[in-house]
Amino acid sequence: MSSEFEGVFDKDEGWDGSIVINVHLEAKDDDAADKVEKVMKEVRASVLDKEKDKGCLLFHVARSGRHFTIFEKYTGADAVKNHFASEHFKAANAKGDQVLTKPPTILYYREIM
């Protein structure tokens, strides 16, 4: 899958403080959705390991049929960059073309309260 997240935090756009990310995924079919769920469980286990993904405060995945929403919260831009550079993120991202109908929709938010 394409890396549309690259460079997002390189710009000076007030990315100080906690960052919340919302990701939407759509699997190609039910079998692909089951594979996505399996991969997300593996990613979540790595993300929650503070030695593998420092700065991740929250990582939740929800599924409805072939659709997935991921809610993430990080201590800041550096923590997000570390997540994107992690082996578990790269491995999951590499599988996207095989199971997703299109690249993920990724929304970034600066936490305000």
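In table form, for the structure just shown:
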| read-out | value |
| --- | --- |
| Residue list for the range 87-113, given a label point 7 angstrom along the Cα-to-Cβ vector of Asp29 and an amide N cut-off under 15 Å | 98-101 |
| Simple label model, 7 Å out from Cα along Cβ direction - Thr75 to Thr105, nm | 3.2 nm |
| Histogram of C-alpha separations across the chain, 5 Å bin width, % | 2, 12, 23, 26, 20, 12, 5, 1, 0 |
| Accessible solvent surface per residue of the chain, calculated while the other protein chains remain in place, 1.4 angstrom probe, Å² | 59 Å² |
| Carbon/sulfur fraction of accessible area - the chain, other protein chains in place, 1.4 Å, % | 51 percent |
| Helix-only [θ]222 nm of the chain, DSSP H runs n ≥ 4, -39500 (n - 2.57) each, per residue, nearest 500 | -10000 deg cm²/dmol |
| Partners for Lys35 among lysines (Cα-Cα distance below 29 Å; same-chain residues under 8 apart left out) | Lys50, Lys52, Lys54, Lys73, Lys81, Lys90, Lys95, Lys102 |
| Kyte-Doolittle at least 0.5, axis length at least 15 Å by Cα - qualifying DSSP helices, the chain | none |
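The values are calculated or read from the model by the stated rules, or taken from the named source; none is laboratory data. Keep in mind that this is a model prediction, so the values were computed, not measured. Glycine also receives a Cβ, built like all others from the backbone with ideal geometry; neighbour counts cover every protein chain displayed. Calculation scope for accessible area: heavy atoms of the full protein, side chains included, ligands and nucleic acids excluded. Shrake-Rupley method; radii C 1.70, N 1.55, O 1.52, S 1.80 Å.
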